[in-house]
Amino acid sequence: MDDPRADETLTLLRDTLRRYVEKQIVPKAAAWEEQGFVPREVLRDMGRMGFLGLRYAEEFGGGALDARATALLAEELGRSTFSGFAITVLVHTDMASPHLVNAGTPAQIAKYLPKIVSGEAITAVAVTEPDAGSDVRSIRTSARREGNEWVLKGTKMFITNGALADLYFVAAKTDPAAGSKGLSIFIVEKGTQGFSVGRKLEKMGWRSSDTAELVFDDCRVPAENLLGQENRGFYAIMKNFQNERLAIASMAMGEAAKAIELTLEYVRTRKAFGAPLWDKQAIRQRLSMLAARVEAGRQLVRHAADLDAAGRDCVKEVSMAKAYCAELLNDVVYDCLQFHGGFGYIKESTIERMYRDARVQPIGGGATEVMLEEVAKRL
């Protein structure tokens, strides 16, 4: 459904994004699934189109928009049906680079942001570790000050854009005894002494998303690469989680809506027992209910984005959206694959790929259980 609340700018953006994805992404993205990453030139092209800095200041090449643009971008990328591509872009635009804009000094922003918006420099955020996922307090990577440098030591795991990125925003303990109050964030450039990309990880889904292990072995970064205040990194991570979760929820609703569209096309042409599957009441009604639930999820996402755009607290609503939409996506693709029958189970079919891709979304960006605890605190 069209959004009657969308202004002319957002409507134009949606239409432009949809045409771009259909013409420039969908015909090529299957090859990216095979190679395991999205080519750098794709992000540079999206930068030229103005898609990579929708919420950033115009002086740096951005669009000066708000959270509603994040939701719109994520939904349209999700409609591509290639979630690995979508998350590659969204990590860059709405999960990693916001750390720079939210906490960076004018000098740091001037140095890095134009290249981020243009797609010349690809970003990643390195928080998750082998023993620390949603529980950010359990991070073990450390950073100690030595003269004019910080020395980082530790390992990060499941890092999206891990091998592809040029610029990493890395969480590390600067005061190990202080728990969450001893966490800081650092800007680490690829090629920095002591930093290396470890294993590239093979995944069940999101196969065109480059995911890797990062190793910091006495990695030395200049003192000025501390991002924001020392020992305030936990709060910066929590703040940006809201943006990240909004993007994942909206991406899920784009995927779910597209899965229903594809399934409607299939059941209207596929015949069983002498009539199209669409003539079976059970199938019609099940798809109708799924469509209703997806529209409810989209409206929840948009409500959260509206609150964010208005400067209102929306932790509860964003957490609800992330939990509800990620779980709903899995319900949708489960039934859509069922209605495709044997064709849905064939590898490389669109719905089979979407089924595999969907499974990670109740996990990444904050597990459903963690989201529900955030909601429970505010009930």
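The values are calculated or read from the model by the stated rules, or taken from the named source; none is laboratory data. Remember, predicted model here, so these are calculated numbers, not experimental data. Note: ideal-geometry Cβ built from the backbone for every residue, glycine included; neighbour counts use all protein chains shown.
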Original post:
Inside the stretch 340-371, can you point out the residues that are of a type in the set (G, A, S) and under 19 Å from I260 (Cα atoms)?
Top reply: G341, G342, G344, S349, A358
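How many residues, within the stretch 177-218, are among the acidic types (D, E), farther than 13 Å from T141 by Cβ and assigned to a strand (DSSP E or B)?
Selection size over the stretch 177-218: 1.
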Original post:
Out of all the residues in the stretch 313-333, is one or more crowded, with 21+ Cβ neighbours inside 10 Å and of a type in the set (D, E)?
Top reply: yes
Original post:
In the list A282, A304, A291, A323, which residue meets the criterion of being farther than 28 Å from M204 by Cα, in contact (Cβ under 8 Å) with a residue 12 or more places away in the chain and either in contact with an Asp or Glu (Cβ under 9 Å, 6 or more places away or on another chain) or in a helix (DSSP H, G or I) (or both)?
Top reply: A304
Subject >> Subset of the stretch 102-124 that is under 17 Å from the mean Cα position of the chain (by Cα) and in a helix (DSSP H, G or I) - its residue that is farthest from I187 (Cα to Cα) >> reply: V117
Subject >> Which numbered condition F158 misses (of (1) of a type outside the set (V, I, T); (2) over 18 Å from the mean Cα position of the chain (by Cα); (3) over 21 Å from N102 (Cα atoms)) >> reply: (2)
Original post:
Failed condition for T128, given (1) outside the structural domain of G205 (by TED's automatic domain parsing); (2) surrounded by fewer than 24 Cβ atoms within 10 Å (Cβ to Cβ); (3) within 17 Å of the chain's Cα centre (by Cα), with all others met?
Top reply: (1)
**OP:** Tell me, yes or no, whether the stretch 64-75 has at least one residue that is more than 26 Å from Q299 (Cβ to Cβ), in the same structural domain as F85 (by TED's automatic domain parsing) and in contact with a helix residue (DSSP H, G or I) (Cβ under 7 Å, 6 or more places away or on another chain).
**Re:** no
**OP:** Filter the stretch 200-234 down to residues that are without any contact (Cβ under 8 Å) to a residue 60 or more places away in the chain and of a type in the set (S, T, Y), then give me how many there are.
**Re:** 1
Original post:
Do we find a residue being of a type outside the set (K, R) and over 29 Å from D135 (Cβ atoms) anywhere in the stretch 354-371?
Top reply: yes
